[in-house]
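S.K.: Let me give you the structure first, and then I'll get to my questions.
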Amino acid sequence: MDILKERFKAKADAAAAEIKDLLKEHGNKKVGEVTLSQVYQGMRGITGLVTETSLLDAQEGIRFRGYSIPELQEKLPKAKDGSEPLPEGLFFLMLLGELPSEEDTNKITSILQRRSHVPAHVFDAIDALPITTHPMTMYVVGVMALQTESVFAKKYAEGLNKKDYWDATFDDALTLIARLPRIAAYIYRRKYKNSEHIQPNGLLDWSGNLAHMMGFNDERFHELMRLYMTIHADHEGGNVSAHTTHLVGSALSDSYLSYAAGMNGLAGPLHGLANQEVIKWIFEMQAEIGSDDPTPEQIADYVQQTLKSGKVVPGYGHAVLRKTDPRFTAQMEFGKKHMPDDKLVKTVWKIYETVPPILQSLGKIKNPWPNVDAHSGALLVHFGLKEYEFYTVLFAVSRALGVLASLIWDRALGFPLERPKSVTTNAVKMWLEGKEEIWD
Ligand code: CMX
């Protein structure tokens, strides 16, 4: 861990010096203009954040430190006999900005293994909730209960020098990431498997262990988890879960508080919860049609029915992307390789052919193409993971890698409290009438 910290610190010091110079020379440069529509409509397209770990291109999709998903699949170290990337390697890449060797990746795996013990009171807190509680609520409660372990909170209370914020955040982030698979698997076994829990296996990688503790021993499922944990890890800084983690973190809330806040955002149906909504929607369609193999015409009718009842088609559309999400494509490739004849997976592909032209014909949807959530559930169902309310927990475990790597960077670069300006509609009206200047 100390070597990893030293390597990080050297990078962070160099980056901080570079940013200081950059701001000294160019700090007054204008980066764009903001329209009134943007102010009212979710701040779309306003560049107002720096997130080092990944960058989203509307046409190409996500790049992690410059690498696309297919490139990561090729270049990141794999598990023994595996062909999907180990997410530990992606974490290293996001944290240090350089591709990890096999040794670097194994080092992260062993750090996470050593820190993975979850204190009993976390399970007690989860057990105190009714069994009917949504798994995401259980998950966030588990993370909040784990906050008792925050090194940052403890050291801050004792009087921590600003220069050392990053160090305590580094410790918290790695401990939290290490413990999330155990918390997630505990929730799964508690809610769906009669509380018959499975102990971690100290020889497995981070995602393999998650699969194992959930009770899935098919090596293809372990591979799916590695791919899943890699592609869901980060999507630059403005999405709800990343932005919330960053925002709450800017108040110097520790990694546990900041991450839990972000995951409450991920639990919204327009964000991460869409993965459960997709499968729920497909199951409801199958029930209504009376077939598990709907025709394109039946799918088209069902889509129209969904739209007529004022609902969104889950898994389609995106606030930034304007093409098929490469995270969807990566999962489609996985499906073609491992389960090309699965009826549900094939239904997802039929939906992919049917939905975009319908959404496009409405004329108002900026992106009619599928996002990551349109595909993930069908692959999970194939392996018997049918309890779709659990899906967003898997997304949350993965998202920890990106948002916590970013939080460490936020601390190392000394990013300040985030505090944009807001206005009232009355003030806007006064401004439009030339009576008040509100933008200064
Ligand atoms: N089905 C029906 N209507 C849709 C739609 C969809 N899949 N996607 C967008 N629209 C609608 C919007 O609701 C909006 O309607 P109104 O003008 O009547 O309010 C209009 O089209 C314009 O929206 P947009 O600018 O294209 O999209 P936004 O940036 O506002 O929203 C998103 C993006 C993802 C919230 C939206 O596409 C959506 O609701 N999709 C379905 C939910 C989903 O899959 N979310 C997961 C996203 C990925 C993730 O974060 O995990």
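S.K.: Any idea how many residues of the range 74-83 are touching a Leu at 6+ places or on another chain (Cβ under 8 Å) and surrounded by fewer than 19 Cβ atoms within 10 Å (Cβ to Cβ)? I'd like the intermediate steps shown before the answer.
M.R.: Pass one, the range 74-83, residues touching a Leu at 6+ places or on another chain (Cβ under 8 Å): 75-79.
Pick out the ones that are also surrounded by fewer than 19 Cβ atoms within 10 Å (Cβ to Cβ) and you get 75, 78.
Selection size over the range 74-83: 2.
S.K.: On to the next question. Of these, GLU353, GLU297, which one is among the acidic types (Asp, Glu) and without any contact (Cβ under 8 Å) to a residue 40 or more places away in the chain? Break it down stepwise before answering.
M.R.: Details: GLU353 fails: without any contact (Cβ under 8 Å) to a residue 40 or more places away in the chain.
Going through GLU353, GLU297 in turn, the sole match is GLU297.
S.K.: Here's something else I'd like to know. Would you confirm, using the coordinates I've provided, whether ASP124 is out of contact with any Phe, Trp or Tyr (no Cβ under 6 Å at 6 or more places or on another chain), open to solvent by 70 Å² or more (accessible area, probe 1.4 Å), charged (D, E, K, R) and closer than 25 Å to VAL393 by Cα? Let's see the steps before the verdict.
M.R.: Details: out of contact with any Phe, Trp or Tyr (no Cβ under 6 Å at 6 or more places or on another chain): yes; open to solvent by 70 Å² or more (accessible area, probe 1.4 Å): yes; charged (D, E, K, R): yes; closer than 25 Å to VAL393 by Cα: yes.
The answer is yes for ASP124.
S.K.: Another one. Would you list the helices (runs of 4 or more DSSP H) that sit entirely within the range 260-342 and hold 1 or more residues that are of a type in the set (A, V, I, L, M) and away from the ligand (no atom under 15 Å from the Cβ)?
M.R.: Counting at least 1 such residues, we get 274-289, 326-338.
S.K.: Here's another thing I want to ask about it. Yes or no: TYR186 aromatic (Phe, Trp, Tyr), closer than 26 Å to HIS212 by Cβ and open to solvent by 10 Å² or more (accessible area, probe 1.4 Å)? It would help to see each step written out before you state the result.
M.R.: Working: aromatic (Phe, Trp, Tyr): yes; closer than 26 Å to HIS212 by Cβ: yes; open to solvent by 10 Å² or more (accessible area, probe 1.4 Å): yes.
When the stated conditions are applied, TYR186 passes them.
S.K.: Can you list residue pairs whose Cβ atoms sit under 7 Å apart, with the first residue in the range 191-215 being farther than 17 Å from GLU84 by Cβ and the second being open to solvent by less than 60 Å² (accessible area, probe 1.4 Å) and of a type in the set (S, T, N, Q)? Count only pairs 6 or more apart in sequence or on different chains.
M.R.: Going by the 7 Å Cβ cut-off, the qualifying pairs are PRO200/SER116; PRO200/ASN209; ASN201/ASN209; GLY202/GLN113.
S.K.: Something else: What's the total number of residues in the range 154-178 that are touching a Leu at 6+ places or on another chain (Cβ under 6 Å) and open to solvent by 20 Å² or more (accessible area, probe 1.4 Å)?
M.R.: 0
S.K.: Give the number of residues within the range 376-390 that are open to solvent by less than 10 Å² (accessible area, probe 1.4 Å) and either assigned to a loop (DSSP other than H, G, I, E, B) or within 11 Å of the ligand (Cβ to nearest atom) (or both). Full working, then the answer.
M.R.: Looking only at the range 376-390, we keep the residues that are open to solvent by less than 10 Å² (accessible area, probe 1.4 Å), and these are 376-380, 385, 390.
Next, from what is left, pick out any that are either assigned to a loop (DSSP other than H, G, I, E, B) or within 11 Å of the ligand (Cβ to nearest atom) (or both): 376, 385.
Matching residues across the range 376-390 total 2.
S.K.: Something else now. Taking the range 57-73 as the region of interest, how many residues are open to solvent by 20 Å² or more (accessible area, probe 1.4 Å) and within 15 Å of PRO100 (Cα to Cα)?
M.R.: So the first thing to find is which residues in the range 57-73 are open to solvent by 20 Å² or more (accessible area, probe 1.4 Å), and the list is 57-60, 63, 65-68, 70-71, 73.
Retained after the next criterion (residues that are within 15 Å of PRO100 (Cα to Cα)): 65-67, 71, 73.
Residues in the range 57-73 being open to solvent by 20 Å² or more (accessible area, probe 1.4 Å) and within 15 Å of PRO100 (Cα to Cα): 5 in total.
The values are calculated or read from the model by the stated rules, or taken from the named source; none is laboratory data. These numbers were taken from a predicted model, which means no experiment stands behind them. Methodologically, a virtual Cβ is constructed for each residue, glycine included, from the backbone with ideal geometry; neighbour enumeration extends over all protein chains shown. Accessible surface areas use protein heavy atoms only, side chains included; no ligands, DNA or RNA. Shrake-Rupley method; radii C 1.70, N 1.55, O 1.52, S 1.80 Å.
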